[in-house]
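Accompanying notes for the structure given below.
The values are calculated or read from the model by the stated rules, or taken from the named source; none is laboratory data. A quick note: this is a predicted structure, and the numbers were derived from the prediction, not measured. Every residue, glycine among them, receives a Cβ derived from its backbone with ideal geometry; neighbour counts consider all protein chains shown.
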Amino acid sequence: MTIEALDLRARVARPITKAFHSDFIRHSALVFGASMAGNICNYLFNFALSRRLGVEGFATLSSLVSFLMIISIPVSVLSLIIVKYTATYHAAGDAQRVRRLSQLLLRWTGFGGAVLFAIGALLRGQIAAFLRIDDQAAILLCLAIIAISVVTPSVRSVLQGEQDFFRFSTSTILEVFVKLVGAVALVYAGFGVNGAMVGWIAGTCCALTYTIWAVLRKHGAQAHGAVSLGLDLGRLVQTTTGVGLATGFLTFISFMDVLLVKHFFDAHQAGLYAAVNLTGKVVLFVAGFVPMVVLPKAAARKSSGESAVPILLQALAMTVLISGAVLVLFGSDPSMVLRVLAGRAFISGAPLVLQYDAAMCMLAIVTLLVNYRIGIHRFEFLYALGAVLVCEVGAIALYHRSLWDVVHVLLAGNAVAIITCAFGVLGREERSAPEGARA
């Protein structure tokens, strides 16, 4: 082989080698693998159970899952806050504070989960009546999942904040895999919706046990002496408010269109839109692992006084590449995609797929930018993002002559949301002073 050929091979291999040595690429690959495994397990969970439970049984299960997700929104907010503070302590090399935070989380989230279960148990009759579920045992089992799920994601967030993405991914996969196996086995054994709930509890308990073991193995069960987290109360309130609003805005922007279409359009049109929405959620969620990696890395760089912009640029490139690839795939044959995901009855919604999924690509970028700005503790964008949400809801309410109007509102609104969230990222944030270990 000539010297020129060797030199060419070296030049080609250099960026590949560099990529494999990049923490961002390696961590992204881990979380991507865990996210995809989780998505596959959840798809198989719904695929298997819908066929065994039948229409009414699956409707009961779906309503319980929706109830669980809504009640768990505060836990999502808490988890993001934990990631941010853990990343700050970890960047400063303050293992004592990470250990103390872990102890407090186990104590107070355990207490909070128990209180939530007790309150729910007292109200189980009202919950069952609202959801139109006759079996109150299913309500109690769902409440047990919620109670355990107050603890599990919170403790798992410590691993995410420390950028221990191997253990973080292991915990995630363990939960969905055990849930899948246990729920399918019990439902097919004839235990119905209650069997699905018990299988879910088994998965959550296994993940919680592993996560506690992983955290305590790294940091021990006890802190050495009296360790204060050194929290700045004003900053904590600002962080909690900012993260809470950001999470709420993103949740509404992601799901409000389906509710509005259900309200303003007939059942057939709403059904077609729901199937199109399913394709968009695939586009959105396939890149959902990127913000999980970006948030702790951005917070750590901000804490140590380094620029977090290179992390953002890598993440943007990855998000555009992944979601764009799915967009091209779905847009090339939307009829086939709808047939596979929803069935032949929904194929007439195919013309909407490409533009709707493009709006979801934009929303994936918005989600990334929001998590990045949470990491660098800049919440000024929330005013504009809230205004975008209000304008989107108002525009759909006023202009909904056809489903195309809804899709076009989402395209315009999400494009504006990208601009509002990106404004100032390369300016003020880049020049801001380091935070150090200040929490």
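From (1) more than 25 Å from residue 49 (Cα to Cα); (2) out of contact with any Leu (no Cβ under 8 Å at 6 or more places or on another chain); (3) assigned to a helix (DSSP H, G or I), pick out the condition that doesn't hold for residue 163.
So residue 163 meets the others, but not (3).
Condition first: more than 17 Å from residue 70 (Cα to Cα) and either buried (at least 17 other Cβ atoms within 10 Å of the Cβ) or touching a strand residue (DSSP E or B) at 6+ places or on another chain (Cβ under 9 Å) (or both). Now tell me which residues in region 113-136 satisfy that.
133 - this is the single residue of region 113-136 that is more than 17 Å from residue 70 (Cα to Cα) and either buried (at least 17 other Cβ atoms within 10 Å of the Cβ) or touching a strand residue (DSSP E or B) at 6+ places or on another chain (Cβ under 9 Å) (or both).
Considering region 314-333 alone, what residues qualify as being without any contact (Cβ under 8 Å) to a residue 24 or more places away in the chain and either over 17 Å from residue 289 (Cβ atoms) or in contact with a Pro (Cβ under 8 Å, 6 or more places away or on another chain) (or both)?
328, 329, 332, 333 - these are the residues of region 314-333 that are without any contact (Cβ under 8 Å) to a residue 24 or more places away in the chain and either over 17 Å from residue 289 (Cβ atoms) or in contact with a Pro (Cβ under 8 Å, 6 or more places away or on another chain) (or both).
Quick one: residue 384 ticks every box in (1) surrounded by 16 or more Cβ atoms within 10 Å (Cβ to Cβ); (2) of a type in the set (A, V, I, L, M); (3) part of a helix (DSSP H, G or I) bar one, so which box is it?
Going through (1) surrounded by 16 or more Cβ atoms within 10 Å (Cβ to Cβ); (2) of a type in the set (A, V, I, L, M); (3) part of a helix (DSSP H, G or I) one by one, residue 384 breaks only (1).
Go over the candidates 20, 45, 58 one by one and state the one that is surrounded by 15 or more Cβ atoms within 10 Å (Cβ to Cβ) and modelled with pLDDT under 75.
Selected residue: 58, the only one of 20, 45, 58 that is surrounded by 15 or more Cβ atoms within 10 Å (Cβ to Cβ) and modelled with pLDDT under 75.
Here is a list: 298, 317. Which entry is buried (at least 16 other Cβ atoms within 10 Å of the Cβ) and assigned to a helix (DSSP H, G or I)?
That would be 298, the only listed residue that is buried (at least 16 other Cβ atoms within 10 Å of the Cβ) and assigned to a helix (DSSP H, G or I).
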